[in-house]
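Encoded as structure tokens, the structure appears first; notes follow it.
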Amino acid sequence: MIDIRAIDWNEVCKEKKAMRSSPGSSSKCWNKRAPSFAANTTKTGYAEAFLKIVNPKQTWTVFDMACGAGTLAIPFAKRVKTITAVDFSDKMLDILREQCYESNISNIRTINASWEDDWNRAGIGLHDVAIASRSLVVDDLRSAIIKLSSKARKRVYISTIVDDGPYDRRVFDAIGRELNMGPDYIYNYNLLYQMGIRANIDFIIERNHKTYKTRHQLMESMEWMLGKMTREEETKLKKYLDKHLVYDAGWWTLDYEKATTWAVIWWDKD
């Protein structure tokens with residue numbers, strides 16, 4: 001009989017991650033993807049659902065790791081004292097700063113740093129609450145959790161994929177490639193249990209119906225999911241998109257909606 005307490009879940013996560021069929025994402029990749037990503041993440045209801053789970057307090061100082069273009073930082077800004085928004089993509093941070101300027105938001109501080117950087121040297125400091133929303137795609141999950149938790153006085157929130165997450169299995173099937181997602185939320189939860197953290201959990205169902213100004217922009221948006229394709233795969237993808245792309249009111253979109261489920265996991269420090 002297998003005792004789950006005897007399993008090294010961090011090693012299992014590493015092994016599962018190594019089997020992923022999707023490529024890793026660099027800061028260069030995210031810089032390229034930043035404009036379309038920022039435009040689409042405000043339309044899914046994810047941020048509103050996340051805020052409802054968290055129920056932030058006006059007195060909180062918040063550390064938002066891998067903040068992107070401010071999916072959470074912008075709506076959180078009206079609900080908390082201050083936010084330190086950190087990302088390794090300088091383009092994402094540029095978009096976040098532009099949004100702050102346009103919305104007259106002055107309580108968000110941005111820092112260009114990654115999971116692997118020295119956070120003390122970067123000036124991140126200690127906060128009431130630490131958040132890693134959809135960003136714990138790291139080589140050493142245990143170390144990342146410890147590092148994130150070390151910056152929180154009161155509470156830590158993480159969110160991660162359930163099943164296929166944001167990846168579109170239909171696209172993988174269309175180009176004849178297997179989709180292996182790597183570790184999803186249950187691996188994270190089991191690791192936390194093994195670390196002595198008795199975490200809470202809730203789920204968000206995100207409705208994704210993304211729109212793009214050009215067909216080329218939509219094709220580029222799939223690079224993060226598919227990585228480098230063979231000529232045969234490119235031909236199959238083009239055929240698939242010819243079948244499912246529609247043009248509506250100046251925007252390109254797919255003719256179906258994809259629902260993505262995210263697990264939100266949190267725990268109190270004491």
May I ask for the Kirkwood hydrodynamic radius of the stretch 124-194, worked out over all distinct Cα pairs and given in angstroms to one decimal?
13.8
What 222 nm value per residue comes from the helices of the chain, counting each DSSP H run with n ≥ 4 as -39,500 (n - 2.57) and dividing by all residues, nearest 500 deg cm²/dmol?
-11500 deg cm²/dmol
Distance in nm between label sites at residue 143 and residue 186, each 7 Å beyond Cα in the beta-carbon direction?
2.8
Is the C-alpha gyration tensor of the stretch 147-270 telling us rounded, prolate or oblate? Criteria: a/c under 1.5 is rounded; beyond that, a/b larger than b/c is prolate, otherwise oblate.
prolate
Using a 7 Å offset from Cα along Cα-Cβ at residue 154, what residues in the stretch 78-114 end up with backbone N under 15 Å from the label point?
78-84
Within the stretch 243-270, name every residue whose backbone N is under 13 Å away from a label modeled 7 Å from Cα of residue 169 along the Cβ vector.
259-261
Full extension from residue 120 to residue 255: what is 0.36 nm times the residue separation minus their Cα-Cα distance, to one decimal in nm?
43.9 nm
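Would you mind calculating the gained length between residue 209 and residue 270 on full extension (0.36 nm times residue separation, minus the Cα-Cα distance), in nm to one decimal?
Length gained between residue 209 and residue 270: 18.0 nm.
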Computed over the chain, the relative contact order (Cα-Cα under 8 Å, seq sep at least six) in percent reads 23
Collect residues whose amide H, placed 1.01 Å from N in the peptide plane, falls under 5 Å from the amide H of residue 111; neighbours closer than 5 in sequence don't count.
85, 86, 87
Would you calculate the separation in nanometres between label points at residue 78 and residue 97, each defined as 7 Å from the Cα along the Cα-to-beta-carbon direction?
2.5
Over the stretch 52-94, equivalent-ellipsoid semi-axes from the Cα gyration tensor in Å
20, 10, 8
How much length would be gained if the chain were fully extended between residue 216 and residue 246, taking 0.36 nm per residue of separation minus their Cα-Cα distance, in nm to one decimal?
9.4 nm
Residues of the stretch 177-198 with amide N under 18 Å of the 7 Å Cα→Cβ point at residue 16:
179-198
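Read-outs: derived from the displayed coordinates by stated rules, not from any lab. These figures come from a predicted structure and were not determined experimentally. When we count neighbours, we look across all protein chains shown, and the Cβ atoms used for this are built from the backbone with ideal geometry, even at glycine.
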